[in-house]
1. Restricting the calculation to Cα positions, tell me the Rg (one decimal) and the Dmax (whole number) of segment 1-90 in Å.
2. Does anyone have the angle between helix 48-58 and the longest principal axis of the chain? Alpha-carbon axes, 0 to 90°, nearest 10?
3. Which of 148, 28, 55 ends up with the largest GNM mean-square fluctuation for the chain, with Cα atoms connected below 10 Å?
4. With n ≥ 4 as the cut-off for DSSP H runs, can you work out [θ] at 222 nm for the chain, using -39500 (n - 2.57) per run divided by the number of residues, rounded to the nearest 500?
5. Which of the three applies to segment 56-112, rounded, prolate or oblate, going by the alpha-carbon gyration tensor with a ≥ b ≥ c and a/c under 1.5 meaning rounded?
6. Name the residue, out of 134, 37, 72, whose mean-square fluctuation peaks in a Gaussian network model built on the chain with Cα pairs under 10 Å.
7. Take 95, 19 and order them by how many other Cβ atoms sit within 10 Å, fewest up front.
8. Among 159-168, 102-111, how do they line up from the highest to the lowest mean number of other beta-carbon atoms within 10 Å?
């Protein structure tokens with residue numbers, strides 16, 4: 001199965017300026033043959049309101065994922081609460097989080113230690129992806145860093161070196 005992940009950036013800005021990214025995307029998807037080709041569609045954005053517009057415009061046959069990071073959490077929060085996760089789960093299919101939100105630092109300074117968010121998100125009924133895994137962020141072995149993140153339980157990982165992650169994941173199987 002193939003999955004196409006579409007990220008909409010600055011969607012509300014464009015809407016306020018007369019460009020409705022939700023209806024444009026819906027039109028483009030409607031005229032494509034993604035279903036016949038066996039492709040699943042995941043649509044994601046950093047703005048909850050925009051994601052709701054996208055969901056309304058593009059329909060229920062796609063997955064909708066809210067992107068977030070510590071700086072975008074509700075005011076005063078440093079992690080995603082159960083209530084917040086349940087609120088997101090009532091409206092969307094998943095979350096995609098900065099690795100620092102889902103994984104704490106290990107002794108080498110990489111985000112590889114599960115802090116509970118992955119299981120909490122899944123318990124709330126959300127898919128959970130992480131971003132962005134980069135070889136240059138590894139403070140020790142890149143293979144070890146990528147391997148630990150790959151085994152963390154995230155359902156998807158956005159990575160700048162997909163060939164390297166694929167090689168490591170294939171070696172874990």
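What follows draws every value from the coordinates through simple rules; no lab data is involved. Note that the coordinates shown come from a computational prediction; the quantities given were computed from them, not determined experimentally. For neighbour counting, all protein chains shown are included, and Cβ atoms are generated from backbone atoms with ideal geometry for every residue, glycine included.
1. Over segment 1-90's Cα set, Rg and Dmax evaluate to 14.4, 46 Å.
2. It works out to around 60 degrees.
3. With Cα springs under 10 Å in the chain, the top fluctuation among 148, 28, 55 is at 28.
4. So the helix-based figure for the chain works out to -11000 deg cm²/dmol.
5. In terms of gyration-tensor shape, prolate.
6. In the Gaussian network model the winner is 37.
7. Ordered by Cβ neighbours within 10 Å, fewest first: 19, 95.
8. Result, highest mean Cβ count within 10 Å first: 102-111, 159-168.
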